[in-house]
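Structure, as structure tokens:
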Amino acid sequence: EFQRTRSLDDAWWIEWIDLQLDRATFLYWNSKVDLLSSHLEAMRTDVFSRGLPRQQAKFRQTEIMTDFRRFRYRLNADTVENSSLLFDSVSREKQMSMWIFTGFTKGFVFLWSERMQEAIDQFDVVLPVAYQQGDLVNAGRTFIYRMIAYRRLGQKEMVRSLLKEYFHSGRFASANDGYADYAHGCQLWVMWSDGDLASMNDYYQQIVFR
């Protein structure tokens, strides 16, 4: 009877923590940074004393994403370190879906910390696994931000090649429409870098009035 009661108690906590994590996600997407920070602090002890590894990973992931909101994408060394620690911990737990997303986040943190080559190297680790797992949403966002990192490094021919793959491979059409504008921005940059301002203007008109 004790084991049955304990099992029910554990199940209740798992469900409760999931609900609190869902609320944290809602607060994040609604930019309620102060409420989100308070909410995370209020649930921290329960997450790490009663939560599953996946819940603890999601909690840390939300903390990192909160830093993006709080610091307006001007990240500090703690955020970089936390993203690396999170990815390492998820790697040990072998949670594949979280591994892909936290791996992307680590690269994303590098990118916004102006560590472009480290961002590219991290995206290169994540991208083939996302493809292999059929996770086209994370594959698409990883591909796009990898391309942006190359653009930030001024590697025009690499960006040109990646644009061709993005628009013509057929991999991204259904799952990543929301990221197409970033690809269009890269295309405009390539045309500007080529000095082809007439084509750049025509392309801009096409994407604005499509």
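Which of the residues spanning segment 190-210 are hydroxyl-bearing (Ser, Thr, Tyr) and open to solvent by 80 Å² or more (accessible area, probe 1.4 Å)?
As a first pass, look at segment 190-210 and keep what is hydroxyl-bearing (Ser, Thr, Tyr): 193, 199, 203-204.
204, the sole residue that qualifies.
Within segment 52-109, track down each residue that is within 19 Å of residue 27 (Cβ to Cβ) and β-branched (Val, Ile, Thr).
Within segment 52-109, 62, 64, 66, 79, 105 qualify.
Which residue pairs have Cβ atoms closer than 6 Å, lie 6 or more positions apart in sequence or on different chains, and pair a first residue in segment 87-115 that is within 26 Å of residue 72 (Cα to Cα) and small (Gly, Ala, Ser) with a second residue that is open to solvent by less than 70 Å² (accessible area, probe 1.4 Å) and in a loop (DSSP other than H, G, I, E, B)?
113/75
Please count how many residues of segment 100-138 are open to solvent by less than 20 Å² (accessible area, probe 1.4 Å) and of a type in the set (S, T, N, Q).
Count: 4.
Look through segment 31-47, keep the residues that are open to solvent by 40 Å² or more (accessible area, probe 1.4 Å) and modelled with pLDDT of 90 or more, and return whichever of them is nearest to the chain's Cα centre (by Cα). Even if it seems obvious, please write down each step before you answer.
To start, the set of residues in segment 31-47 that are open to solvent by 40 Å² or more (accessible area, probe 1.4 Å) comprises 31-32, 34-35, 38, 41-42, 44-45.
Next cut, modelled with pLDDT of 90 or more only: 32, 34-35, 38, 41-42, 44-45.
Numbers: 32: 19, 34: 22, 35: 22, 38: 23, 41: 22, 42: 25, 44: 22, 45: 25 Å.
Top of the filtered list is 32.
Among (1) open to solvent by 70 Å² or more (accessible area, probe 1.4 Å); (2) closer than 27 Å to residue 131 by Cβ; (3) modelled with pLDDT under 85, where does residue 84 come up short?
(1)
Of the conditions (1) buried (at least 19 other Cβ atoms within 10 Å of the Cβ); (2) modelled with pLDDT under 90; (3) among the aliphatic types (A, V, I, L, M), residue 77 clears all except one; give me its number.
(1)
Based on this model, can you work out whether residue 169 counts as within 28 Å of residue 196 (Cβ to Cβ) and surrounded by fewer than 23 Cβ atoms within 10 Å (Cβ to Cβ)? Don't jump to the end; show me each part of the working.
Numbers: within 28 Å of residue 196 (Cβ to Cβ): yes; surrounded by fewer than 23 Cβ atoms within 10 Å (Cβ to Cβ): yes.
Against the criterion (within 28 Å of residue 196 (Cβ to Cβ) and surrounded by fewer than 23 Cβ atoms within 10 Å (Cβ to Cβ)), residue 169 qualifies.
Please tell me if residue 52 is modelled with pLDDT of 90 or more, within 23 Å of the chain's Cα centre (by Cα), under 29 Å from residue 110 (Cβ atoms) and surrounded by 16 or more Cβ atoms within 10 Å (Cβ to Cβ).
Judged against the criteria, residue 52 is not a match.
The values are calculated or read from the model by the stated rules, or taken from the named source; none is laboratory data. Predicted model only: the values in this text are computed from it and were never measured. Positions of Cβ are backbone-derived with ideal geometry, glycine not excepted, and every protein chain shown enters the neighbour counts. Each accessible area value is taken on the protein alone, full model and side chains, heavy atoms only, with ligands, DNA and RNA left out. Shrake-Rupley method; radii C 1.70, N 1.55, O 1.52, S 1.80 Å.
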